[in-house]
Amino acid sequence: MMLRRGFCAALALGTVLLGGQAMAQGRDLTVVSWGGAYQDVQRDIFFRPFQQETNIRLLEETWDGGVGVLRAKVQSGANNWDVVQVESEELLLGCDEGLFERIDYSTIGGKDRFIPAAVNECGVGTILYSFVLAYDKDRLKEAPKGWADFFDTRKFPGKRALRRGPKTTLEIALLADGVKPGEVYKVLGTNAGVDRAFRKLDTLKADLVWWERGSQPAQLLASGEVAMTDAYNGRITAANQNDNRNFGITWTNNLFTLDSWVVMKDSPNRQKGLDFIRFATQPQRQAQLAQRIPYGPTAKGAADGIPPAVQANLPTTPENHEDALRIDDQFWLDNLDKLNQRFNNWVAK
Amino acid sequence: MRGRLAAAALVAPLLLFLLAVFVLPIGAFLLRAVGEPDVPPVLPRTLAALDGWDGQAAPGEAAFAALVEDLREARARDRAAGEGAVARAAARLNNDWPGFRSLLPMTARRVAAPFEGGAREKLLDLAEEWGTPAPWAAIRRAAGPVSDFQLLAVLDLKRDAAGSIGTAPPEQAIFRGILWRTLWIGVLATLICLAIGYPLAWLIATAPPRAVPWLLAGVLLPFWTSLIVRTAAWTVLLQREGVVNAALQALQLTTDPLPLLFNRGAVLLGMVHILLPFMVLPIYASLRALDWRLPRAALSLGASPWRTFWRISLPLSLPGVGAGSLLVFIQALGFYVTPALLGGANDQMIPYFVAFYATRTVNWGMAAALSLLLLAAVAVVVGVYARLVGFSRMRTA
Amino acid sequence: MRPARILLWAFGLLALLFLVAPVLAVLPLSFSAGAFLSYPLPGLSLRWYADFWTSNFWLPALWNSLRIGAGAALLAGTFGTLAAFGLWRARFPGRTLVLAVAMAPMVVPAIVVAVALLLAFGPLGLSNSFTGLVLAHATLGMPFVVVTVLAALEQFDPVQLRAAAACGASPVRAFRRVCLPQILPGVAAGALFAFATSLDEVTITLFLAGPAQRTLPRQMFSGLNDQLSLTIMAAAMVMVLLSVLLLLAVTLLRRRGNTSSR
């Protein structure tokens, strides 16, 4: 008897120790973004002020993309994310598969608040950005002119870094192989075109380093690990501003796209999530963000609040946008999973 | 008899707890390796329509119509409930017939709205592949309820249309390589630990008593230090602008920083560092229990020190060597965090791919099949050990 | 000393250096006034500890680690001690099987447990909860408690239990008053082992913990993956201090266990 009582006491103590939280069903609003310098800025401009103004507790999480991660979250029955910043093809795929809640635009100020490209039934655009060719001006004497130079290790010795995954990597390979931006997806749509892209990548494979997190390219450049990398344009400018780096950006044939906020399916914090999205898409907040890290805003009127010096670093500025390749979401919607598998097998070999 | 009952009752809480939180969950997970849960719920009518199909040419209009109806319904369910069932069925079918991963969701999207004309005509218009028997055969092979598909896949094998087993096409055949890599890294880590650990254990066992606590502390302190801390230490040491490179350059041994991180060497370094105490402590325990009068007697009878070691001391310490090697090798096979942080793309072992399939592609079946492979490797090692040495002689420090 | 002996000492000390030096070499970086990961330090400061203290992540993570570790140690300690006592008292059918099940968490790779529990706990609402993590970590700690308590019981003379019974004590009372006090150091050491195991655990936490349950090792893992800052080294320092405390506690308990059995 004594033993059982002791055992019960131990269990009771355990419950006390774990506190009420273990039993509580509700959890705090969890917002997931892309880490590093970008999320640091988001914390200052979105997360902290949101908590102060609304008294809603907000937890942060970092991820590095992949619709499979979202699928696993929802389908394992163990989803712990509420609001996630997703890439455009993740938005389309996830929306199609019902991974996200539909956005009720009336609760976030109406569709007219946004530029048309930012409006989707499952997500609200948050930033416009580009994948650009980045290099360290202190280490490269001559500026690379485009993706062809990226693949030219004889003229520009040193390692290269690319984002791990087929999206952007295959486009860059074809651009480097001389395909015009307008033709890229036509070529990639054929098996021969995909083979051509992988053949081009084969020529660089020995010199390639893969990055996954958005914070990595700037670190790889800073340490001299690689001579050139593709990177989110904002992170490169941010490294120049915050860490006194002297990185250069080659805008030629940059890959242009946008990210969106989504609310995960059956999130218990759906309304809080929408409140957050409304908060984070206010024009003046987006303008503030752009000044700290140059990504284009999606709310109408936000661009007016951005000084001209910052505008020059934005991917939306006409001279930067001129020969950009717009990443084709529809193509990736149909082909991402297939090419993902081929890419992963190619890398694993 | 009452004593036995009481003993069993004392053991019961632990047993029930481990059954509930350990044995059953793992069993249920591993069963997924032979399950076929993905395709039947999405394509029930199609599977029924394919029942009497001869497999020679594409099936008749009925199967096409059934497919359209199935996909419409599944897609509507997905969009309402977030089940992602079409995507999962596509992933499963794609493992059998590459191309399905895109073909099935794309077809589902395009037939969602009502259309004019026959189903066959519409599907052939969307993708000519539907006119060939291959995708239909793949659908039929996934009818379930159980199959050896994933078990074969992790051995780079697959069944052909006739059902006989052959090797998988080269672009899918990656798993044997990963298995050998895992075993090889485990063997290397074990051998290096043994080469460093045995002399160290010998030194501690034969050192003057005053020195022993200090020597042991040198082993126990890292043993108790968290794995993540030690992995972090290696990351910081081996960074391009880290401690080691800075030191090398300051000593003018190198001019450019060396790429020390994200390679096989870094993984092995980290693993040996973490696993070495598991080798040293059992060997030390068996050396301490050794009757030192035996080697001394051999020496006094004129045997050379080397011969004494080889014929007497070493055999007597073998149980420790066996236990240490077992502990190190088994743990090495299961390493996930250290290779993920210190290794490159070509240094990842089976655990990494288990995590990959579970969290990045929602392919629980493949994750389970790879886990089964990993557990089989562990079981073989443990079994061989039990046969050769037996667990009664194993000492844990 | 013979040359072979000198060689052995040299080799052994080098091996110990390899074991101890890496961690000791990087910990001082946490006191750096700068932000670089190499020596010499530009100056000394506690700024990284201040960062650890004030950030939204690190201190809650430490607190989570301690709570989950304590819960796991309590569960593992209770169940493990009872089971060890049962295993020691009598040989009953299936004893070997019970031992095998109790030891299994030591051999099954953590990643398998992690994915299996993710799938099992999800529908039960146990993922993303402290309860789920405590249950999982307790599982990992069980073998250590069973082994340690069994070892302690080997030093215990069962005649004492019979003597207690002869004096009219119930079996439970005999266990509590006669046996438990003598094996208590072993029980405590086992629980500490379980606590340390939980404190060290990354893989399962990676899969089961939501952002509200992040532990210190889990936070370090994401830090190493995202941005390598010296705050991670400050966190490492905290973890090393915890480890040293645990090691000291276990060593003291071992001593007590040995003297009390003599």
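Read-outs: derived from the displayed coordinates by stated rules, not from any lab. Only a predicted model underlies this, so the values are computations on that prediction, with no experimental measurement involved. Reconstructed Cβ throughout: ideal geometry from the backbone, glycine too, with neighbour counts over all protein chains shown.
For segment C:7-88, report the translational diffusion coefficient in µm²/s to the nearest whole number, using Stokes-Einstein at 25 °C, 0.890 mPa s, and a Kirkwood Rh over Cα pairs.
Answer, rounded: 144 µm²/s.
Among the listed pairs A:K200/A:K349; A:K180/A:K338; A:K159/A:K338; A:K205/A:K349; A:K167/A:K338, which are separated by more than 21 Å between their Cα atoms?
A:K180/A:K338; A:K159/A:K338
Please work out the FRET efficiency for the pair B:L388 and B:R210, using the Cβ-Cβ distance as r and a Förster radius of 22 Å; give the result to the nearest 0.05.
0.05
Toward the positive end of the charge dipole of segment C:44-260, about the Cα centre and with charges on Cβ (Lys, Arg +1; Asp, Glu -1), which of C:L180, C:L126, C:L216 goes farthest?
After comparing all options, I get C:L180.
Does anyone have the angle between helix B:364-388 and the longest principal axis of chain B? Alpha-carbon axes, 0 to 90°, nearest 10?
Roughly 30 degrees between the two axes.
Can you work out ³J(HN,Hα) from phi for every residue in segment B:193-205, in order, using Karplus 6.51 cos²θ - 1.76 cosθ + 1.60 and θ = phi - 60°, giving whole Hz and x for Gly and Pro?
4, 5, 5, 7, x, 5, x, 5, 4, 4, 4, 5, 5
Note the angle between two axes, namely the Cα long axis of helix A:270-280 and the longest principal axis of the Cα atoms of chain A, as a number of degrees from 0 to 90, rounded to the nearest 10.
40
Where the convex hull is taken over the Cα atoms of segment B:204-356, what is its projected area averaged over directions, in nm²?
Its average projected convex-hull area is 12.4 nm².
Hey, if you put +1 on the Cβ of every Lys and Arg and -1 on every Asp and Glu Cβ in segment C:44-260, which of C:T96, C:L44, C:H137 ends up farthest toward the positive end of that dipole?
With unit charges placed on the Cβ atoms, the residue in question is C:T96.
Tell me, B:T46, C:T215 in order of fewest to most beta-carbon neighbours within 10 Å?
B:T46, C:T215
Give me the one-decimal nm value for the distance between modelled label points at B:R72 and A:T190, 7 Å along each residue's Cα-to-Cβ direction.
Placing both labels 7 Å along Cα→Cβ, they lie 3.6 nm apart.
Could you list the chymotrypsin sites (Phe, Trp or Tyr not before Pro) in segment B:1-68 that lie in coil according to DSSP, counting only those with at most 15 other Cβ atoms within 10 Å of their Cβ?
Passing sites in segment B:1-68 do not exist.
Apply 1/(1 + (r/R0)^6) to the Cβ-Cβ distance of A:K111 and B:V146, taking R0 = 35 Å, and write down the FRET efficiency to the nearest 0.05.
With a Förster radius of 35 Å, E is 0.10.
Measure nothing but the geometry: give the 0 to 90° angle between the long axis through the Cα atoms of C:180-200 and the longest principal axis through the Cα atoms of chain C, rounded to 10°.
30
Modelling each spin label as a point 7 Å along the Cα-to-Cβ direction, I'd like the C:L46/A:D104 distance in nm, to one decimal.
5.0
Just how large is the dipole of segment B:163-265 about the Cα centre, in debye to the nearest 20, putting +1 at every Lys and Arg Cβ and -1 at every Asp and Glu Cβ?
240
Estimate the FRET efficiency between B:L124 and B:A28 by the formula 1/(1 + (r/R0)^6), using the beta-carbon distance for r and 45 Å for R0, to the nearest 0.05.
Approximately 0.60, to the nearest 0.05.
How many percent of all Cα-Cα pairs in the protein assembly as shown sit more than 51 Å apart?
25
Given points 7 Å out from each Cα along the Cα-Cβ axis, report the A:D304 to C:Y39 separation in nanometres with one decimal.
Each label point is offset 7 Å from its Cα along the Cβ direction, giving 5.9 nm.
Using 5 Å bins from zero, what percent of all Cα-Cα pairs in segment C:44-260 falls into each bin?
1, 7, 13, 15, 16, 14, 11, 9, 6, 4, 2, 1, 0, 0
Quickly estimate the mean residue ellipticity at 222 nm for chain B, helices only: each DSSP H run with n ≥ 4 gives -39500 (n - 2.57), and the total goes over all residues, rounded to 500.
Using -39500 (n - 2.57) per qualifying helix, the result is -21000 deg cm²/dmol.
Which residues' amide hydrogens lie under 5 Å from the amide hydrogen of B:N263, considering only partners 5 or more residues apart or on another chain, with H built in the peptide plane?
B:G344
How would A:K111, A:K141 line up from fewest to most surrounding beta-carbon atoms within 10 angstrom?
Going from least to most buried by this count: A:K141, A:K111.
Against the globular-protein guess of 2.2 N^0.38 Å, express the Cα radius of gyration of chain B as a ratio, rounded to two decimals.
1.35
Using 13 Å as the cut-off for backbone N distance, which residues of segment A:285-302 belong to the label zone defined by a point 7 Å from the Cα of A:E53 along Cα→Cβ?
Residues A:285-289 qualify, since their backbone N sits under 13 Å from the label point.
Using 5 Å bins from zero, what percent of all Cα-Cα pairs in segment C:91-181 falls into each bin?
Answer for segment C:91-181: a P(r) of 3, 11, 15, 15, 14, 13, 10, 9, 6, 3, 1 percent.
Setting aside same-chain residues fewer than 8 positions from A:K111, which lysines have a Cα under 20 Å from its Cα?
Excluding near neighbours in sequence, the set is A:K272, A:K300.
Using the C-alpha gyration tensor of chain A, what are the square roots of 5 times its eigenvalues, in whole angstrom, with the largest one first?
38, 25, 21
Loop-only trypsin sites (Lys or Arg not before Pro) in segment B:1-76, please: DSSP not H, G, I, E or B, and at most 12 other Cβ atoms within 10 Å.
In loop regions of segment B:1-76 (DSSP not H, G, I, E or B), there are no sparsely surrounded trypsin sites (Lys or Arg not before Pro).
Picking from B:I330, B:I228, B:I185, which is most flexible by a Gaussian network model of chain B using Cα springs under 10 Å?
Maximum fluctuation in the GNM of chain B, among the listed residues, is at B:I228.
Which of B:L124, C:L241, B:L333 has the fewest other C-beta atoms within 10 Å, and how do the rest follow up to the most?
C:L241, B:L124, B:L333
For a quick check, take a GNM of chain B with Cα springs below 10 Å and name the residue from B:P133, B:P13, B:P315 with the largest mean-square fluctuation.
Result for chain B, Cα springs under 10 Å: B:P13 fluctuates most.
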